[in-house]
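Below: the structure, in structure tokens.
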Amino acid sequence: MNLTYLIGAGIAVMTGLGAGIGIGIATGKTSEAISRQPEASGKIQTVFFLGIALAEATAIYGFVVSILLIVK
């Protein structure tokens with residue numbers, strides 16, 4: 001197996017780090033927003049879950065790319 005494929009797979013898996021950091025920041029900001037305006041918690045949570053889904057999708061794409069690089 002070529003070493004460049006393994007390096008590329010390692011870099012692709014690093015997208016999980018970015019997603020984890022992004023979700024952590026979003027969770028903190030969401031809790032701050034809800035504590036400031038509890039009456040808007042429904043709208044805030046809706047946007048929060050949409051953001052989490054998009055962040056997690058990037059991590060899954062990175063994982064799929066890394067698996068494809070390793071299998072190739």
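Numbers for the structure displayed
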{"item": "Residues (under 30 Å from Asn2 (Cα atoms), of a type in the set (Val, Ile, Thr) and in contact (Cβ under 8 Å) with a residue 12 or more places away in the chain) located in the range 12-66", "result": "Val13, Thr15, Thr58, Val65"}
{"item": "So Thr4, is it under 16 Å from the mean Cα position of the chain (by Cα), at pLDDT below 95, more than 16 Å from Thr58 (Cβ to Cβ) and surrounded by fewer than 16 Cβ atoms within 10 Å (Cβ to Cβ)", "result": "no"}
{"item": "All positions within the range 9-57 that are of a type in the set (Gly, Ala, Ser), surrounded by 16 or more Cβ atoms within 10 Å (Cβ to Cβ) and closer than 24 Å to Ile70 by Cβ", "result": "Ala9, Ala12, Gly16, Ala19, Ala55"}
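The values are calculated or read from the model by the stated rules, or taken from the named source; none is laboratory data. Not measured: the values here are computed from a predicted model. Using ideal geometry, Cβ is built from the backbone for each residue, glycine included, and neighbour counts are taken over all protein chains shown.
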